[in-house]
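*Asks:* First the structure, then my questions, so here it is.
The values are calculated or read from the model by the stated rules, or taken from the named source; none is laboratory data. What you see is a predicted model, and the numbers here were worked out from it, not measured in a lab. Heads up, the Cβs are rebuilt from the backbone with ideal geometry, glycines too, and the neighbour counts pull from every protein chain shown.
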Amino acid sequence: MSEMTYIGKSVPKVDAREKVTGQVIYAAEVHLPNMLYGKIVRCWEHSHARVTHLDLSEAAKVPGVVKVLGPGDVTRKLYNTGVLDLMVPEDMGKHLLGDIEDQRIFTDHVRHQGDAICGIIAESEEIAEQAARKVIALYEPLPVYLTAAESSQPGAFQFDERKPGNMAFQLPEQMFPNNAYGWGDVDAEMATADLIIEDTFYVPKVKQCQLEPHAYVAFYDQSGRLNCWTSTQMPKCVHNKLARLFELPISRVNLVSTTIGGGFGGRLGMVFEPETCAMAMAVPGHPVKVQSAREEDWVASESRHPGKYRLKMGFKNDGTPVAADAHFTSDAGAYFSHSSGVPFTAGSWLTGMYKYNAVRYKGDCYYTNQAPSGAFRGYGNPQTNFVLEQIVDQACLKLNIDPVEWRKRWHKQVGDDGWCIGFPYSSCSLDECLDRGAEAIGWKEKRARYATQSGTKRRGIGVSVMNHTSGAMPMLLEHTTCTVKMNEDASAVITIACSDLGQGSHTVLKQIAAETLGMPMEEIHLLVNMDAAGFDIGSHASRTTYVGGGAVLKACEDVKRQLIGRASTRLGIPVEELEIRDRHVVSKNKPRRPEGAIEDAADHLRNNVWGVGASMSIKEICNVGVYHFVNPMNGEANGIPGQIQGYASYFPSHNSPPFGACFAEVEVDIETGQVQVLELVMAHDIGRAINPKAVAGQLVGGSHQALGMALTEEIHYNAKGLCLTNSFTDYKMFGPLDMPKVTTILVENPDPVAPYGLKSVGEAGPVNPVGATANAISNALGIMFTEAPITPEKILLAIAAQGLA
Amino acid sequence: MKNRLITLSVNGRNYRLNVEVNRTLLQALRDDLKLVDVKYGCGSGECGGCSVLVEGRECINSCLTLAVEMEGRNITTIGGMMRKGELHPIQQAFIDEGAIQCGFCTPGMVMKTASILAKNPCPSEDEIRRGLEGNICRCTGYENIVRAVQTASRVMHESDIQAAGGARP
């Protein structure tokens with residue numbers, strides 16, 4: 001594989017130049033003639049209320065207002081902004097998992113602060129905002145529930161009659177007896193344990209905080225097509241969902257995928273596309289732009305699932321994890337959305353990690369009056385990491401076993417059941433991750449040094465491991481379609497629906513295409529157009545390089561097959577004896593080009609080094625396929641007709657899970673409770689890095705989100721359910737001064753079933769720094785913290801209550 | 001609301017604008033002049049996405065600045081950083097160091113970098129990190145952005161620092 005030209009090379013991102021010159025078009029930059037401006041009017045003063053009276057007459061009188069829209073002026077169809085229903089068969093989604101549609105474009109039952117009650121369309125943004133202030137809405141307040149513990153009480157207000165007790169989801173009895181999955185007899189195994197560690201943890205509601213606020217343009221044009229410009233992560237799913245919601249054939253919806261200013265799950269499924277499109281449908285012939293304010297993102301879009309996570313683990317004195325018994329009760333927030341997805345999946349990362357004799361996981365969630373919970377990079381994994389990895393470290397402490405050694409002994413290996421039970425791991429390089437990470441941070445030496453400390457600053461070092469997935473099969477649908485059109489000059493256009501959130505997926509897809517086709521990246525254009533492209537499920541589950549890349553690889557191989565087939569016919573050489581080299585189809589039996597002669601390949605051909613008549617240039621094959629002339633003199637046609645197009649409708653056969661080990665070193669000021677993260681080492685089992693710099697960028701960037709969840713980030717509500725942290729001042733993310741040095745180690749042992757041996761990285765970053773940081777703090781203070789984020793207040797209270805070890 | 005006629009020099013070009021006195025510089029640039037390379041990220045001076053350079057030196061949040069305050073001033077946005085079709089060394093450094101992911105913070109980050117380096121051509125890592133506070137990036141963890149500032153600092157000559165100022169003579 002040493003001959004590869006593009007795979008493994010840190011080529012610059014294909015869109016970097018456009019981005020650094022300010023020329024990329026995010027949805028907010030779309031400007032069309034006759035454009036009007038839409039304003040989604042939200043309820044800001046209640047988190048749970050019935051709209052008893054809505055008067056839009058004064059708003060309609062504001063000069064420049066074109067239309068006001070109440071709940072009855074738009075479709076009353078119910079929908080679900082999440083996309084689980086497009087990823088599982090209907091039988092499973094609706095009947096087994098209990099997925100429901102429970103959202104409306106404008107509601108008269110406000111279920112969270114920021115729920116949309118009506119819309120204004122005006123000639124300018126300012127006029128629309130002015131009119132929004134003239135909307136008269138009267139409310140009947142309803143009881144407010146902020147946690148599952150409150151909303152699950154008997155007698156609580158019922159959010160949805162289809163969900164008794166406000167339980168949005170639990171693992172279905174028909175699939176999983178006693179609403180739990182796992183293996184073995186947990187109770188019997190637990191009874192054999194020499195040591196049992198049990199605790200109940202709290203994981204916070206944290207926000208994606210993508211920097212680009214949600215903005216859209218929608219346009220119901222005179223041809224009867226609904227056009228929507230959106231920075232969604234899942235263009236095809238949103239395409240489908242909008243078509244269904246507005247009862248149009250998919251071919252009459254034109255979804256334009258604009259540059260995405262960050263996603264992290266925040267744009268997984270629909271966000272404010274329904275409201276925007278409903279407004280556009282009300283003013284046919286006029287595009288409508290909706291630019292939402294940053295504050296709206298906090299109150300009206302989805303976040304990570306918060307909740308209570310109980311874990312009980314039993315161990316033998318030698319460290320054997322005899323049993324794990326877990327129950328994650330999360331807060332769904334106001335609507336169903338990902339209620340089945342996250343509580344279901346959070347346990348997969350638990351069952352997929354270690355070789356327990358027996359394990360049982362229960363996951364459920366309940367409606368509350370918080371903003372809806374949904375997808376956030378990691379999808380249940382950071383929550384599980386915070387809990388599982390701390391319990392393991394507590395056991396190691398009590399059993400006097402080195403935490404790195406325990407993990408090496410008990411983590412799952414190749415051939416063991418993967419995160420989806422019954423689906424074995426195809427590769428695992430976690431031992432190497434642990435060894436190289438431990439060495440890089442100086443694990444043994446520091447662990448020994450920090451065992452005895454005094455003074456006001458205490459240092460600690462912690463480790464955490466993780467597993468994830470590359471695409472969501474076999475649990476969810478995995479499918480990407482790709483076409484590769486060869487132009488008459490042998491340049492290529494790849495058409496695909498995969499989105500690039502900034503992680504660089506379009507760059508690596510082009511690298512894969514260039515490598516497979518054996519041509520320069522500069523001669524390949526990647527076209528992302530929903531009318532032209534076939535299906536793709538969207539950017540989620542760390543799948544785009546793995547599944548999208550697989551589709552590109554297969555479509556390019558199809559092109560190669562066609563090229564070789566045509567050359568075979570023309571040259572009279574069997575296809576088995578032909579291969580593609582230096583942009584020619586050549587006979588394998590001719591002498592190979594001399595080492596180091598790549599630059600001169602064309603010259604060698606011209607000089608007949610490889611033999612005339614035994615090769616055809618790809619350009620010639622492509623050109624003749626298009627310009628298929630018939631010679632008027634003799635009536636003979638030249639070459640083989642037909643423009644070459646490669647095609648793949650690709651369903652991967654595996655999910656090649658990546659693993660990772662993170663080491664964190666912290667310093668805790670025991671007088672102020674302040675935690676300074678000194679260093680992170682992230683060793684990641686990447687299989688093969690297509691673009692090493694981009695892979696490292698995912699790990700470092702993801703760690704920023706993990707450190708926030710571990711130490712500073714949480715959405716807070718007051719007792720009325722009104723959001724207290726709806727700004728970047730009140731919601732504290734790590735800044736440039738807070739970030740530690742992050743060392744990344746890419747462990748490259750190609751996965752046997754993956755395209756080019758690659759495994760995913762997109763969701764790895766935000767996962768195991770959570771557990772590693774918590775373990776480092778525990779190592780520094782001798783206190784385990786069960787509630788994230790571990791703030792200075794919690795540290796000082798814990799020191800006061802428990803004393804230092 | 002009163003209006004006022006102002007002159008703004010943006011990226012070396014003069015514009016005459018009739019603006020309401022409470023209109024922000026961000027609105028004037030993005031909505032009135034359609035210079036959409038300046039980003040709206042929060043509207044409250046917390047994210048730095050709307051950062052622009054004034055007189056080639058001071059970086060300000062255009063969302064917190066009134067357009068009328070900028071009467072007669074020279075403003076540079078990321079759209080004014082290239083010279084004769086060539087990327088500015090800061091722009092090149094952002095590409096080379098992988099400092100760009102989603103790119104939404106990039107216009108503000110590049111302008112903030114121009115300001116940091118205009119005031120201190122050879123900043124320490126700590127000075128760079130301190131200088132970048134106020135500009136939020138949610139993708140990169142800042143590491144590659146810090147590297148980009150360091151790289152730009154190394155390759156930039158005094159003339160380039162001046163050039164970042166757009167309309168300076």
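*Asks:* Considering only residues that are among the β-branched types (V, I, T) and either assigned to a helix (DSSP H, G or I) or over 30 Å from A:A49 (Cα atoms) (or both), which ones fall in segment A:717-773?
*Replies:* Across segment A:717-773, the qualifying residues are A:V742, A:T743, A:T744, A:I745, A:V747, A:V753, A:V761, A:V767, A:V770, A:T773.
*Asks:* If you don't mind, there's one more thing I want to ask. What are the residues in segment A:469-498 that are aliphatic (A, V, I, L, M), under 17 Å from A:G518 (Cα atoms) and in contact with a helix residue (DSSP H, G or I) (Cβ under 6 Å, 6 or more places away or on another chain), if any?
*Replies:* A:V484, A:M486, A:A490, A:I494
*Asks:* Quick one: is A:A324 over 15 Å from A:D364 (Cβ atoms), in the same structural domain as A:Q370 (by TED's automatic domain parsing) and surrounded by 24 or more Cβ atoms within 10 Å (Cβ to Cβ)?
*Replies:* So A:A324 passes the test.
*Asks:* Next question, about the same structure. Taking A:G98 and the conditions (1) among the small types (G, A, S); (2) modelled with pLDDT under 95; (3) in contact with a helix residue (DSSP H, G or I) (Cβ under 7 Å, 6 or more places away or on another chain), which numbered condition does it fall short on, given that it satisfies the others?
*Replies:* (3)
Yes/no per residue for (1) assigned by TED's automatic domain parsing to the domain that holds A:V559; (2) crowded, with 17+ Cβ neighbours inside 10 Å; (3) over 35 Å from the mean Cα position of the chain (by Cα):
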site	(1), (2), (3)
A:A614	yes, yes, yes
A:I640	yes, no, yes
A:E665	no, yes, no
A:G697	no, yes, no
A:V700	no, yes, no
A:I715	no, yes, no
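*Asks:* Between residues in segment A:22-35 that are in contact (Cβ under 8 Å) with a residue 60 or more places away in the chain and more than 9 Å from chain B (Cβ to nearest Cβ) and residues that are of a type outside the set (A, V, I, L, M, F, W, C) and in a loop (DSSP other than H, G, I, E, B), which pairs lie under 6 Å by C-beta distance while being six or more apart or on different chains?
*Replies:* Pairs found: A:A27/A:S231; A:A27/A:T258; A:L32/A:P287; A:N34/A:H286; A:M35/A:P287.
*Asks:* Taking A:T345 as the residue in question, decide whether it is farther than 21 Å from A:W298 by Cα, at pLDDT 95 or above and out of contact with any strand residue (DSSP E or B) (no Cβ under 7 Å at 6 or more places or on another chain).
*Replies:* yes
*Asks:* May I pose another question? Restricting attention to segment B:121-136, which residues are under 24 Å from A:G502 (Cβ atoms) and facing chain A (nearest Cβ under 7 Å)?
*Replies:* B:R129, B:L132, B:E133, B:I136
*Asks:* Answer yes if at least one residue in segment A:705-712 is closer than 30 Å to A:S427 by Cβ, surrounded by fewer than 19 Cβ atoms within 10 Å (Cβ to Cβ) and either at the interface with chain B (Cβ under 9 Å from one of its Cβ atoms) or at pLDDT 95 or above (or both), and no otherwise. It would help to see each step written out before you state the result.
*Replies:* Our first condition is that a residue be closer than 30 Å to A:S427 by Cβ; within segment A:705-712, this holds for A:705-707, A:709-710.
Adding the requirement that they be surrounded by fewer than 19 Cβ atoms within 10 Å (Cβ to Cβ) leaves none.
No - not one qualifying residue is present in segment A:705-712.
*Asks:* Check A:K759, A:K720 and return the single one that is away from chain B (no Cβ under 14 Å), at pLDDT 95 or above and more than 24 Å from the chain's Cα centre (by Cα). Outline the logic, then answer.
*Replies:* Working: A:K759 fails: more than 24 Å from the chain's Cα centre (by Cα).
Result of the check over A:K759, A:K720: A:K720.
*Asks:* So, in segment B:121-138, exactly how many residues are in a helix (DSSP H, G or I) and free of Cβ contacts under 8 Å to residues at least 12 places away in the same chain?
*Replies:* Counting residues in segment B:121-138 that are in a helix (DSSP H, G or I) and free of Cβ contacts under 8 Å to residues at least 12 places away in the same chain gives 3.
*Asks:* Moving on. Would you confirm whether or not segment B:57-77 contains a residue that is within 13 Å of chain A (Cβ to nearest Cβ), buried (at least 24 other Cβ atoms within 10 Å of the Cβ) and among the aliphatic types (A, V, I, L, M)?
*Replies:* Within segment B:57-77 (the criterion being within 13 Å of chain A (Cβ to nearest Cβ), buried (at least 24 other Cβ atoms within 10 Å of the Cβ) and among the aliphatic types (A, V, I, L, M)), the answer is no, since none of the residues qualifies.
*Asks:* When you scan segment A:495-515, how many residues do you find that are out of contact with any Gly (no Cβ under 9 Å at 6 or more places or on another chain) and closer than 30 Å to A:P89 by Cα?
*Replies:* Qualifying residue count, segment A:495-515: 2.
*Asks:* I'd like the residue in segment B:78-94 that is surrounded by fewer than 21 Cβ atoms within 10 Å (Cβ to Cβ) and either part of a strand (DSSP E or B) or more than 10 Å from chain A (Cβ to nearest Cβ) (or both) and, out of all such residues, is nearest to the chain's Cα centre (by Cα).
*Replies:* Looking at the filtered set, the residue picked out is B:R83.
*Asks:* Filter segment B:95-120 for residues that are of a type in the set (S, T, N, Q) and part of a loop (DSSP other than H, G, I, E, B); which is nearest to the other protein chains (Cβ to nearest Cβ)?
*Replies:* Going residue by residue through segment B:95-120, those that are of a type in the set (S, T, N, Q) are B:101, B:106, B:113, B:115, B:120.
Okay, now just the ones that are also part of a loop (DSSP other than H, G, I, E, B), so B:101, B:120.
Details: B:Q101: 4, B:N120: 15 Å.
Of everything passing the filter in segment B:95-120, B:Q101 is nearest to the other protein chains (Cβ to nearest Cβ).
Okay, residues lined up against (1) more than 14 Å from A:F106 (Cα to Cα); (2) surrounded by 15 or more Cβ atoms within 10 Å (Cβ to Cβ); (3) in contact with a strand residue (DSSP E or B) (Cβ under 7 Å, 6 or more places away or on another chain):
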residue: A:G8; (1), (2), (3): yes, yes, no
residue: A:H31; (1), (2), (3): yes, no, no
residue: A:V41; (1), (2), (3): no, yes, yes
residue: A:S47; (1), (2), (3): yes, yes, no
residue: A:A59; (1), (2), (3): yes, yes, yes
residue: A:R76; (1), (2), (3): no, no, no
residue: A:L84; (1), (2), (3): yes, yes, no
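*Asks:* Just need a number here: residues in segment A:482-519 that are within 18 Å of the chain's Cα centre (by Cα), away from chain B (no Cβ under 14 Å) and part of a helix (DSSP H, G or I).
*Replies:* The total comes to 1.
*Asks:* Would you confirm whether or not segment B:36-48 contains a residue that is touching a Leu at 6+ places or on another chain (Cβ under 6 Å), closer than 24 Å to A:E18 by Cα and either more than 8 Å from chain A (Cβ to nearest Cβ) or in contact (Cβ under 8 Å) with a residue 40 or more places away in the chain (or both)?
*Replies:* So far as segment B:36-48 goes, yes, one or more of its residues are touching a Leu at 6+ places or on another chain (Cβ under 6 Å), closer than 24 Å to A:E18 by Cα and either more than 8 Å from chain A (Cβ to nearest Cβ) or in contact (Cβ under 8 Å) with a residue 40 or more places away in the chain (or both).
*Asks:* Residue check, A:R409 against (1) within 21 Å of A:A706 (Cα to Cα); (2) assigned to a helix (DSSP H, G or I); (3) out of contact with any Leu (no Cβ under 6 Å at 6 or more places or on another chain), all met but one. Which one?
*Replies:* Of the numbered conditions (1) within 21 Å of A:A706 (Cα to Cα); (2) assigned to a helix (DSSP H, G or I); (3) out of contact with any Leu (no Cβ under 6 Å at 6 or more places or on another chain), the odd one out for A:R409 is (1).
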